[in-house]
1. On average, how much accessible surface per residue is there in the stretch 32-72, in Å², for a 1.4 Å probe, leaving out ligands, DNA and RNA?
2. What distance in nm separates the two pseudo spin-label positions at E55 and V32, each 7 Å out from Cα along the beta-carbon direction?
3. Tally up the carbon and sulfur contribution to the accessible surface of the stretch 32-72 as a whole percent, 1.4 Å probe, everything protein left in place.
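The values are calculated or read from the model by the stated rules, or taken from the named source; none is laboratory data. Everything quoted here is computed from the prediction, not taken from an experiment. Quick reminder, even Gly has a Cβ in these numbers, built from the backbone with ideal geometry, and neighbours come from all protein chains shown. Keep in mind that these areas ignore ligands, DNA and RNA; they rest on the heavy atoms of the full protein, side chains included. Shrake-Rupley method; radii C 1.70, N 1.55, O 1.52, S 1.80 Å.
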Amino acid sequence: MAALVVQLTATGGARGGQESANAEQKVSGKDVGKHLSALRTEVSSLSQQFREVKERRRREAEQKQRELEGFYEPKDSPTTVGSVGPRNSLR
């Protein structure tokens, strides 16, 4: 009888091992939804960051191309139609 008690205790009981495995599956099943939601949020955030970086790089490349072609217009002082610049001075 003692040997049977030791054997059952070592294996977690007749049904103890199965119940403990089922409990772990239930807990991990609950967490799966949370993990998937967190992953979706992370992917969405990374996608947005990627789009922003891609757009910024595209604008920088266009600006650099304009500079190379001699059509540089500073960002902080936009030119307007009819404005007289240093080159177009009337003097």
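1. 94
2. 3.7
3. Roughly 57 percent, rounded to a whole number.
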